[in-house]
Amino acid sequence: MHPFSVSDDSLLAALRWRYATKKFDPSRKIAASEWKTLEEALILSPSAFGLQPWKFLVITDQATKEALVAASWGQRQVADCSHLVVFAYKKDLGMDFIDQNLRRIAEVRGVPMDSLDGYRKVIAGTLIDGPARDHIQAWNQRQTYLAFGSFMTCAALLGIDTCPIEGLVPAQYDEILGLAERGWMTGAACPAGYRAADDRYATLPKVRFEAKDVLEYI
């Protein structure tokens, strides 16, 4: 057994318990120690080429959360949650950002930058001079969804509720959070906290297609 593994039953129980929380209890806050774990989980999220073309804005200021309600189609989850995570992605991606990532690799792994020249060419050949160049914003946004899904799963394993929110106005989020002038764009948001006792959706059976309808073994 892998030394870090959870049991099959525990994993599936957490995923069955998780749901898109419709009503948060505003009086309950995520403990600092647990948030530190989720913060690290965000940092450890996977991305293509390991580039991490994202910014995670963690909002706990109540006034800012309230200001985002109207930009979230009136969904109160963004204000009533403990922590609101906004998943932002880079508007563009150039060699300067790629080199920033490579410098970090060299620093962490203790290798010279020139040893990464081949990898640099591969990345540039795909994202700068290759097929992804014409839709780089969409490519960057897709990376944030890897972090988005990972975050919700990790939260569920800790017994923390979340709600994925795409129902928002990105430009309004960008304005409120001052993202545009810094080269970032809002992709999605994820309130995190604890479900209210009277959220009737918490007890509804989870509806998914049967395995035979979505799984194919070849």
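The values are calculated or read from the model by the stated rules, or taken from the named source; none is laboratory data. Note that the structure is predicted; figures quoted are calculated from it, not measured. Ideal geometry is used to build each Cβ from the backbone, glycine not excepted, and the neighbour counts take in all protein chains shown.
Mind checking which residues of region 160-173 are without any contact (Cβ under 8 Å) to a residue 24 or more places away in the chain and either at positive phi or not small (Gly, Ala, Ser) (or both)?
If the condition is that a residue be without any contact (Cβ under 8 Å) to a residue 24 or more places away in the chain and either at positive phi or not small (Gly, Ala, Ser) (or both), then Glu166, Pro170 are the ones that fit.
If you check Val78, Val85, which single one turns out to be part of a helix (DSSP H, G or I), in contact with a Leu (Cβ under 9 Å, 6 or more places away or on another chain), touching a residue at least 60 places away in the same chain (Cβ under 8 Å) and surrounded by 15 or more Cβ atoms within 10 Å (Cβ to Cβ)?
Matching residue, one of Val78, Val85: Val78.
In region 16-39, what residues are in a helix (DSSP H, G or I) and either in contact with an Asp or Glu (Cβ under 7 Å, 6 or more places away or on another chain) or of a type outside the set (Gly, Ala, Ser) (or both)?
Arg16, Trp17, Glu34, Trp35, Lys36, Thr37, Leu38, Glu39
Criterion first (more than 30 Å from Ala31 (Cβ to Cβ) and in the same structural domain as Ala196 (by TED's automatic domain parsing)) does Ala156 satisfy it?
So Ala156 fails the test.
Evaluate region 52-65: report whether one residue or more is surrounded by fewer than 17 Cβ atoms within 10 Å (Cβ to Cβ), without any contact (Cβ under 8 Å) to a residue 12 or more places away in the chain and of a type outside the set (Asp, Glu).
Yes: one or more hits.
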